[in-house]
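A.B. asks: Please see the structure below; I have some questions.
The values are calculated or read from the model by the stated rules, or taken from the named source; none is laboratory data. Every value quoted in this text rests on a predicted model; they were computed, and no experiment measured them. With ideal geometry, Cβ positions are generated from the backbone for all residues, glycine too; neighbour counts draw on all protein chains shown.
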Amino acid sequence: MRLPILSASLCALLFSCFAANAQAKPDHLKSVLAQMDAGSRNFHSAEASILKQQYEKIVHDTTTESGMIFFLRNAGSMQVGARFDPPNAQTLEFKNGVFRLYSAGTNHLDVYPTTGAKKAQAETYLTLGFGGSGSDLERAWTITDQGAEKLSDGGSAVEVEKLDLVSHDPVVRGSFTHITIWIDLARDITLKQQFFTPSGDTQTAIYTNIRLNQKIDLNKYAIQCKGKCNQTE
């Protein structure tokens, strides 16, 4: 199963990116992960605008879509939902270990249970998003600290740490050779993710207008079939 990209899944770029000259020191990663641990303890929820960009190397084609996404920690587990604008008009949900993806145009619902190894893979991807601890990240990935940069979060420039990740899981590496993320350490949130596939395709997600630890209207993200869904499990 190829998991949908959240953050995302991943997305069209409307942001300013300014590379900093400073390079990360070899021991700086420990400090970065410690800051993520501290930020994770204060994380409860986040909601953001998401822009997705997928580049297919073989046809030199890029597709984009935009929408909204949320992350909600509940009793130690993470619930994630996303709603994408037309023409795709898809709604995505991860809750209680199950992915559900609804396509309004075809009234089709895909259901992906994530028990056992698949559940572990799903949780591995979720550590890349909002509120993941540095300890969890280190357990699942080989991390290279590529230093500080500045990204726009939809307003002013924010300092972020750029981390390149290679999964410890060979199944994940079969889908993505490596993944680069840009983390706002102060809030323990990801402003950008870029996934690299073995075929040379890339999938990118950009998060802006982030609302941290505020009430989320879950009704906006509810999957609503038109009558009876055409369902695949």
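A.B. asks: Taking segment 36-64 on its own, how many of its residues are closer than 26 Å to Ala186 by Cα and β-branched (Val, Ile, Thr)?
C.D. replies: Residues meeting the conditions: 1.
A.B. asks: Turning to a different aspect of this structure: Which helices (runs of 4 or more DSSP H) does segment 115-233 wholly contain that include 2 or more residues that are more than 19 Å from the chain's Cα centre (by Cα)? Give the derivation first.
C.D. replies: Details: elements: 116-126, 134-140, 170-175.
Passing ranges, in order: 116-126.
Residues are listed down the side, and each one gets a yes or a no for (1) in contact with a helix residue (DSSP H, G or I) (Cβ under 6 Å, 6 or more places away or on another chain); (2) closer than 23 Å to Ile206 by Cβ; (3) among the charged types (D, E, K, R):
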{"site": "Glu47", "(1), (2), (3)": "no, yes, yes"}
{"site": "Tyr55", "(1), (2), (3)": "no, yes, no"}
{"site": "Phe71", "(1), (2), (3)": "no, yes, no"}
{"site": "Met78", "(1), (2), (3)": "yes, yes, no"}
{"site": "Arg83", "(1), (2), (3)": "yes, yes, yes"}
{"site": "Glu93", "(1), (2), (3)": "no, yes, yes"}
{"site": "Gly97", "(1), (2), (3)": "yes, no, no"}
{"site": "Lys118", "(1), (2), (3)": "no, no, yes"}
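A.B. asks: Kindly indicate whether Gln194 is among the polar types (S, T, N, Q) and closer than 21 Å to Ala48 by Cα.
C.D. replies: Values: among the polar types (S, T, N, Q): yes; closer than 21 Å to Ala48 by Cα: yes.
Answer is yes for this residue.
A.B. asks: Then there is this: Identify the residue in segment 81-94 that is in contact with a Gly (Cβ under 7 Å, 6 or more places away or on another chain) and among the hydrophobic types (A, V, I, L, M, F, W, C) and, among all such residues, is modelled with the lowest pLDDT. Can you show your working first?
C.D. replies: Of the residues in segment 81-94, the ones in contact with a Gly (Cβ under 7 Å, 6 or more places away or on another chain) are 82-85, 89, 92-93.
So of that shortlist, the ones also among the hydrophobic types (A, V, I, L, M, F, W, C) come out as 82, 84, 89, 92.
Numbers: Ala82: 95, Phe84: 95, Ala89: 91, Leu92: 94.
The extreme case among them is Ala89.
A.B. asks: Picking from Gly81, Gly97, which residue would you name as being surrounded by fewer than 19 Cβ atoms within 10 Å (Cβ to Cβ) and either within 26 Å of Thr197 (Cβ to Cβ) or not polar (S, T, N, Q) (or both)? Give the steps one after another, and end with the answer.
C.D. replies: Details: Gly81 fails: surrounded by fewer than 19 Cβ atoms within 10 Å (Cβ to Cβ).
Within the list Gly81, Gly97, the selection yields Gly97.
A.B. asks: Here is a follow-up. Taking only pairs six or more apart or across chains, which ones have beta-carbon atoms under 9 Å, a first residue in segment 208-233 that is under 19 Å from Leu101 (Cα atoms) and basic (Lys, Arg), and a second residue that is at pLDDT below 95 and not in a strand (DSSP E or B)?
C.D. replies: Correct list of pairs: Lys226/Ala104; Lys226/Asn107; Lys228/Asn107.
A.B. asks: Considering only residues that are of a type in the set (Val, Ile, Thr) and modelled with pLDDT of 90 or more, which ones fall in segment 99-128?
C.D. replies: First, the residues of segment 99-128 that are of a type in the set (Val, Ile, Thr): 106, 111, 114-115, 124, 127.
Passing the criteria: Thr106, Val111.
A.B. asks: Something else now. Contact list please: Cβ distance under 6 Å, first residue in segment 65-82 and under 18 Å from Leu191 (Cα atoms), second residue assigned to a strand (DSSP E or B) and acidic (Asp, Glu), pairs at least six apart or on different chains.
C.D. replies: Pairs found: Phe70/Glu47; Gly81/Glu93.
A.B. asks: Taking segment 79-123 on its own, how many of its residues are touching a Lys or Arg at 6+ places or on another chain (Cβ under 9 Å) and either among the charged types (D, E, K, R) or over 28 Å from Gly227 (Cα atoms) (or both)?
C.D. replies: Within segment 79-123, residues that are touching a Lys or Arg at 6+ places or on another chain (Cβ under 9 Å) and either among the charged types (D, E, K, R) or over 28 Å from Gly227 (Cα atoms) (or both) number 3.
A.B. asks: Restricting the search to segment 46-90, which residues are of a type in the set (D, E, K, R) and in a strand (DSSP E or B)?
C.D. replies: First pass over segment 46-90, keeping only residues of a type in the set (D, E, K, R): 47, 52, 56-57, 61, 65, 73, 83, 85.
Once the filter is applied, which keeps residues that are of a type in the set (D, E, K, R) and in a strand (DSSP E or B), segment 46-90 yields Glu47, Lys52, Glu56, Asp61, Glu65, Arg73, Arg83.
A.B. asks: Report every pair of residues separated by at least 6 positions or lying on different chains whose Cβ atoms are under 9 Å apart, first residue within segment 138-164 and farther than 17 Å from Asp184 by Cβ and hydroxyl-bearing (Ser, Thr, Tyr), second modelled with pLDDT of 95 or more and buried (at least 19 other Cβ atoms within 10 Å of the Cβ).
C.D. replies: These pairs meet every condition: Thr142/Leu165; Thr144/Leu163; Thr144/Leu165.
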